[in-house]
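Below is one structure; the comments refer to it alone.
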Amino acid sequence: MSGAILLPLLGALLHPILGWSIQSATKRGVSLILIAGLCNILTVAVVLAWKRPPGSFLTLSSLDWLAVANGILFFFGQWFSIQSVRRGHLAVHSSALGAKILVVALLSIGFGLESGRPFLLLAVTVATLAVFLVAGASLSGWRAHRKTVGLTLLACLFFGFNDFLTGLHGSTVGTARWLALMLGTSALMSVFLVASRAKQLPALLSSGAAKWFVLLAGLMLGIQTVLVNIAFSEYAQPTLSNVAYSSRGVMAVLWLVLFGGVAGKEHWGRRILGSLLMITALWLALAY
């Protein structure tokens, strides 16, 4: 079991805390757009705390510019994901996110970054179905929330290309430099998100718990992002890593069992079946 699987699994373990902290902040009146913008800025701080990027940023090579472009892809993936959550149903959004694994697999296998051996393809298929079931969604829910599904699939397209390019070129540029350029670009674009909700900032800073929940969300997002992207870059197996990271839905179910309150307790049969399928997908990924 290499870092290609272990690092995303560690990131997945933190995912329920991220979801809980975001929900706690929104319940206290903080805009989801403001949370996303601040979290992206905090993510860069996590990257810089992890490792100082080598070289100068005054002159950029062609691959450096590709990292910048990848940051734009990451930002728009988040943007469409936020719009999907704001306008639709969270379970439908979460279930459709599994499509990202398919996008990454098609790109990675199609361009020869990863081998298309049967167990890997099977793991991708099982993991995608597992994500759908763990989220507690249904086909009727997808039909009722088509806009949510469409926006989420757009997010998956941007995120999928982002993951693939990190796996393809991240280690060539250097993981720390690639992540600093990619996430730094996303953070700069996020300044406009924060500016669009600037009127909320004084209330947030003077609030009791809300600001701490936003800070916790930023740290959780930053650590997850760094862990998963190190796996993409260093091990160049983004499909395999995405299968492992998709277990975050199972972690959310475990959180519900232990603590409750992250997402309702409906559709338990579907969630348990999805969790079992996710464990199967991980086993297939390891067998690969």
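The values are calculated or read from the model by the stated rules, or taken from the named source; none is laboratory data. These numbers come from a predicted model, not from an experiment. Note that each Cβ is placed from the backbone with ideal geometry, even for glycine, and that neighbours are counted across all protein chains shown.
At-a-glance table
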quantity	calculated
Residue count for the range 61-90, restricted to those that are modelled with pLDDT under 90 and in a loop (DSSP other than H, G, I, E, B)	2
First in the range 248-260 and within 12 Å of ALA135 (Cβ to Cβ), second anywhere and at pLDDT 70 or above and hydrophobic (A, V, I, L, M, F, W, C), Cβ under 6 Å, 6 or more apart	ARG248/ALA12; GLY249/VAL131; GLY249/VAL134; VAL250/MET278
Breaking point among (1) buried (at least 24 other Cβ atoms within 10 Å of the Cβ); (2) over 15 Å from the mean Cα position of the chain (by Cα), for ALA217	(2)
LEU179 being crowded, with 21+ Cβ neighbours inside 10 Å and either at pLDDT 95 or above or of a type in the set (Ser, Thr, Tyr) (or both)	yes
Index of the failed condition, ILE35 passing every other in (1) on the phi > 0 side of the Ramachandran plot; (2) crowded, with 23+ Cβ neighbours inside 10 Å	(1)
Among (1) crowded, with 23+ Cβ neighbours inside 10 Å; (2) outside any loop (DSSP other than H, G, I, E, B); (3) modelled with pLDDT of 90 or more, the one test that HIS93 misses	(3)
